[in-house]
Structure formats: structure tokens, C-alpha cells
Amino acid sequence: MKVNAWNEWDPLTHVVVGRADGTMVQAPEPAVVRDWPEYGFPRGSYGPLPPEMVAAANEQLDNLARILEGRGIRVDRPETLDFARAVATPEWSQASMFGAMPVRDVLLTVGNELLEATMSFRSRWFEFLAYRPLIESYFREDPGMRWEAAPKPRLTRASYREGFWEAYEALSEAEQVALVRRGELVLSEAEPLFDAADVARCGKDLFVQLSLATNRAGGRWLRQHFPGHRVHLVTFGNPHPMHIDATWVPLRPGLVLHCAERPAEDELVQYLKVNDWEIVRAATPQRAGPPPLSACSRWLSMNVLVLDPGTVCVEASETAQIEQLGKLGFEVVPVPFWDVAAFGGGLHCATLDVHREGVLEDYFP
Ligand code: ARG
């Protein structure tokens, strides 16, 4: 047992797969607005996702675990907590937690280091606890593992821009994207904040998306924390940026899948081009929109899990995406996964690499 993963594509040998049990539409909090009246969750309401949705998601998560185990990959699962309970710090209280599905949001593996992200939602402040039994066991089993946690955030009112959502929803999409490009979204710069899923790893280069969950101070903290890496703070033309893995997905050395609806900055495009990387526009998803109660977009179609530089897991009904990756030379493993979307994402979101073979390399020399 060894913690080691430098990028998104080296051969995967050990992974964590999340669980849907107890996931909540979380109680209102400054970081996020949930408003799904057509599915029984009008703005301000909260509660557990329906049991039949939980059962369907768990079936697909268990199936993913079996597929990975069948390929010789060690799979671990988190503990679930009572996510319906209220939580508090000395500075605030929050009427519910969220869940233990998108493992990728909370934890980041860089080499032998497992880093707990700050998170930026009060409902997700304690989510690391769902993974602690696993992390403790890795720490016991692997003497070389480095266990780190970013500064626990305070998440007081000062961490959020006052009145952000009301003002933001009144803007045109172009005006919203202008704020995205400036990194002036719901999070203030009072303290470092980031979700692990805003980071895409390419060996010595870490691409960190500024988003609704990651602020500049979070990017600065990551840059200081990984002095041996080039940490790029990047934005995309997406009015609701949240996690980089349905927008900018490195597949193997020299190849990144990109959501064309969310254009990258020229600077980022140039950086790849001068290093002979190819940027491929992801195939159009099969769906017109996300499923009920999902905070994600239809672009979960490109939220793929690379098993090794020639093999990739893709959602089974995303036939155009499957075909595109086949043409790019991948063996595609189709995995039914849309029932998991409401629980926080796709195949990449739902997993965390604990171990991929391989060493630190510079792919942008
Ligand atoms: N916000 C992204 C989208 O809807 C989904 C990414 C989810 N990723 C994750 N790690 N939870 O396009």
C-alpha cells in the first residue's frame, strides 16, 4: 500500500469510490443557492434526496467499484455520516451537511501527499470526516505517505461577498463571465479557499480553476504549498464554474479534453500549444440538461476516469463521447453512471486516486 499519483492518467492501482447514502439537498448557506421547486425543493428548503434515487445511485457506484476491482484495482469506500444533522463551529451553525459522494472535491493526491482541501460550503466543512478512517489506515500502512490538511477555513460572513447571488442572477451571461474572468465571485479573499476538484494534475504542472469554490487566496496557498510545481490559476468562460473536471480534462501526455462552451483563456491555450499539447473539444453530450436535483451540467459526459494512458471509463449512454475517445485511440470502458449525477458528479468526481504507477514528470519542458 502506497500513496502516489502525479497526474490524471498513469496506471491506476488503488482508488476510493464514494457513497450516495444520506446525501442532502443542503440547508441554505451563503456559498450556494439551491432552487428546485419542480422536484420538491424550492429555494430555502432542504432535506435528504429520495430513497429510490439513493438506491439507484448506490447501485451504479457499487457497479463501478466491481468493474474497477475486476481490472485488479484496489477499491476503498468511505464511511457515511448522518448528513442530515446540524453542524456548527464557534462562529456559525448550519442546519445540514451534504454527503460522501464526490470524493474528488475534498481530497487531492499529489505524489505521496494526500491533501484535505479547505472546502468553501459550510455544509461541507466536516466532510473530511467521512474519509478519515481511510486516511488514517493509509497513514498506518504507508510510512512514506505525507498527510496534509489546508488551513481550516472560518467561513464567517466575511468569507462571502454580501448580496452576491441576488446581484449575480440579475446580470447577463456576458457580465457574469466577466466576473468569472476577474475571479470576483461569491467568495471574498478573506482566507484561502479551494475544493480539490478545481485542480487538474499534469505532473509538474497543476491547473487550478478559480471558481465558485476556489478563490485567489486558495490558489496562492496551493502555489506556496507545492513549491516544486508550476501552479497555474485559470478561468474558463463558464458563468457557473465549479470544479475543473467537466471543463478541462487531461487524458494523457499531450492531450486535454476541453468543453468548447467554456472557452479557456488565450494564455492557457498558448501554454499548451507551445508545448505541443493538443486541445480537443469534447463531443456534444447526449442530454439537453442535467438530471433532476443535480447541481452539475450535462457536461458530466466528459467527466471521465482514466485507468491508464490507453484506457478510460466513460458514462455508458454518452455514445458520442465514447466514439470520440475511441477515435483518439483509447479502449473505452462504458460505465452506467447518470443516476449518480444528482449526488455531485460523474466518474471522475466520484473517485479519488490513491495510487497510480509512475513518477513526477515535466510535460511542459
Ligand atoms: N460543475 C461541473 C459541471 O456541471 C461538474 C463538475 C463536478 N465535479 C466534481 N468534482 N464534483 O459542468
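Readers should treat all values here as calculations from the given coordinates under stated rules, not as data from a laboratory. Quick caveat, the model's predicted, so the values are computed rather than measured. Reconstructed Cβ throughout: ideal geometry from the backbone, glycine too, with neighbour counts over all protein chains shown.
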Identify, please: which residue in segment 244-266 is among the β-branched types (Val, Ile, Thr) and buried (at least 22 other Cβ atoms within 10 Å of the Cβ) and is, among those, nearest to ARG104 (Cα to Cα)? ILE244
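Collect the residues in segment 283-294 that are within 11 Å of the ligand (Cβ to nearest atom), among the small types (Gly, Ala, Ser) and crowded, with 17+ Cβ neighbours inside 10 Å, keeping them in residue-number order.
Residues of segment 283-294 that are within 11 Å of the ligand (Cβ to nearest atom), as a first pass: 285, 289-290, 294.
Then drop every residue that is not among the small types (Gly, Ala, Ser), which leaves 289, 294.
SER294, the sole residue that qualifies.
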Looking only at segment 223-273, count every residue that is away from the ligand (no atom under 16 Å from the Cβ) and in a helix (DSSP H, G or I) and tell me the total. 11
Number of the exception - LYS152 against (1) under 18 Å from the mean Cα position of the chain (by Cα); (2) in contact (Cβ under 8 Å) with a residue 24 or more places away in the chain: (1)
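With the structure loaded, tell me whether GLU318 is more than 15 Å from the ligand (Cβ to nearest atom) and either free of Cβ contacts under 8 Å to residues at least 40 places away in the same chain or over 20 Å from VAL15 (Cα atoms) (or both) or whether it fails that test.
Working: more than 15 Å from the ligand (Cβ to nearest atom): no; either free of Cβ contacts under 8 Å to residues at least 40 places away in the same chain or over 20 Å from VAL15 (Cα atoms) (or both): yes.
Judged against the criteria, GLU318 is not a match.
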Among SER317, SER294, SER301, which is touching a strand residue (DSSP E or B) at 6+ places or on another chain (Cβ under 7 Å) and not in a strand (DSSP E or B)? SER301
Conditions first: (1) touching a Leu at 6+ places or on another chain (Cβ under 8 Å); (2) surrounded by 14 or more Cβ atoms within 10 Å (Cβ to Cβ); (3) not charged (D, E, K, R). ALA149 passes all but one, so which condition is the exception? (2)
Considering only segment 151-170, I want to know if a residue exists there that is outside any helix (DSSP H, G or I) and in contact with a helix residue (DSSP H, G or I) (Cβ under 7 Å, 6 or more places away or on another chain). yes
Taking segment 190-221 and keeping residues part of a helix (DSSP H, G or I) and more than 16 Å from the ligand (Cβ to nearest atom) leaves ARG216, ALA217, GLY219, ARG220, TRP221
Give the residue that is surrounded by the most Cβ atoms within 10 Å (Cβ to Cβ), with candidates limited to residues of segment 47-106 that are over 19 Å from ASN303 (Cβ atoms) and among the aromatic types (Phe, Trp, Tyr). PHE83
